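A.B. asks: My questions will all concern the structure given below.
The values are calculated or read from the model by the stated rules, or taken from the named source; none is laboratory data. Just so it is clear, the model here is predicted, and its values are computed rather than measured. Cβ coordinates were reconstructed from backbone atoms using ideal geometry, including for glycine residues, and neighbour counts include every protein chain displayed.
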Amino acid sequence: MRSRRVEERADDILAIREARKDISLEELRTDLAGIGLTISVAGLHRFFARRGMTRKKRLAMQSSKTAPMS
């Protein structure tokens, strides 16, 4: 199981995220490569999804409606 390798380094991943809460998955992936953990952006997404953590960087905006289209 590939996720085992990632789960073994969960403390490292979460520590980097805690230090830089606004970090993107790509930036996190690059930082992890610097400490010897190679993982894809999709792999990081699955890692956070397993923990119920979202990675949105801004609040959802309500869509603007100006007029009916038809």
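A.B. asks: Please enumerate the residues belonging to the stretch 46-66 that are within 9 Å of the chain's Cα centre (by Cα), modelled with pLDDT of 90 or more and either more than 15 Å from residue 21 (Cα to Cα) or of a type in the set (D, E, K, R) (or both).
C.D. replies: 46, 47, 49
A.B. asks: State the number of residues belonging to the stretch 1-32 that are in a helix (DSSP H, G or I), surrounded by 14 or more Cβ atoms within 10 Å (Cβ to Cβ) and of a type in the set (A, V, I, L, M, F, W, C).
C.D. replies: Selection size over the stretch 1-32: 7.
A.B. asks: If you don't mind, another one. So which residues in the stretch 21-39 are of a type outside the set (Lys, Arg) and under 11 Å from the mean Cα position of the chain (by Cα), if there are any at all?
C.D. replies: Scanning the stretch 21-39 gives 22, 23, 24, 25, 26, 27, 28.
A.B. asks: Taking residue 42 as the residue in question, decide whether it is in a helix (DSSP H, G or I), under 10 Å from the mean Cα position of the chain (by Cα) and either loosely packed, with under 14 Cβ neighbours inside 10 Å or at pLDDT below 90 (or both).
C.D. replies: Yes.
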